[in-house]
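Following: one structure in C-alpha cells, then a few remarks.
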Amino acid sequence: MSPDQTRLARKNLDRRFSQIVREVMLAPPYGWVRAIREALGMTPQRLATRMGVTRPRVNMLEKAELSGATTLKSLRQAAEAMDCVLVYAIVPRTSLDEILREQAAKKADVELARHHHTMRLENQAMDKRDLAAERERLVADMLAGSLRRVWDEE
C-alpha cells in the first residue's frame, strides 16, 4: 500500500470507529451464548438441535467461550441458531492517527535522547525549545515516510 492509500485507509477506519460506542461491554458472568440462550428460554438441547450439533458440544462451546478458547466460527454458528448476529471488531482506544503519532513520538524521544547525550558530551547541548522543534520534525518525518519505521525496534 502506498503512503497515501495507508493514510486514506486509516482515516476511513477512524471514521467508522467514531460511530462505535467505546464503552466497555463486559460479557455476562456465564458468557454471551448462555446468557442469550437462557434469556430466550432456549435449552442447551434446543440450541444444539438448531446448530446441528450434540448437546455436549453446546456445553463445550459455552465453557470455551468463558475461557477464550472458542472460535469465531462456533460463536457465529450459535448466534445464527439463536437468530442473532456475531459482531467482531478490534476497536482502538483512541484514533489510529493518535496511536501512530504517539508511537512516532516515543521513537523520536529515543533518537533525540541518544543525539542529545552525544551533543552534551561535546558541549553542544540543545535548549528545550530546540529539542521540542527537533522532536516535532522527527515525528513529522516518520509519519510522512514508511510507517514500518515507526514500529521498528532498534
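The values are calculated or read from the model by the stated rules, or taken from the named source; none is laboratory data. Just so it is clear, the structure is predicted and the values come from calculations on it, not from any experiment. Glycine gets a Cβ as well: all are built from the backbone with ideal geometry, and neighbour counts include every protein chain shown.
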* Hey, ILE99 hits all of (1) farther than 27 Å from ARG7 by Cα; (2) of a type outside the set (Ser, Thr, Tyr); (3) modelled with pLDDT of 95 or more but one; which does it fall short on? -> (1)
* Asked: Which of the residues belonging to the range 7-26 are closer than 17 Å to TYR88 by Cβ and surrounded by 13 or more Cβ atoms within 10 Å (Cβ to Cβ)?
  -> LEU13, PHE17
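State which residue is surrounded by the fewest Cβ atoms within 10 Å (Cβ to Cβ) when the search covers only the range 63-78 and only residues that are out of contact with any helix residue (DSSP H, G or I) (no Cβ under 6 Å at 6 or more places or on another chain) and without any contact (Cβ under 8 Å) to a residue 12 or more places away in the chain.
Per the stated criteria, the residue is GLY68.
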* Consider only pairs whose beta carbons are under 9 Å apart and that are at least six residues apart or on different chains; among these, list those whose first residue lies in the range 84-98 and is closer than 17 Å to LYS11 by Cβ and whose second residue is part of a loop (DSSP other than H, G, I, E, B) and among the hydroxyl-bearing types (Ser, Thr, Tyr). => SER95/SER18
* Asked: Would you say ARG50 is exposed (fewer than 13 other Cβ atoms within 10 Å of the Cβ), touching a residue at least 12 places away in the same chain (Cβ under 8 Å) and more than 30 Å from ASP130 (Cα to Cα)?
  -> no
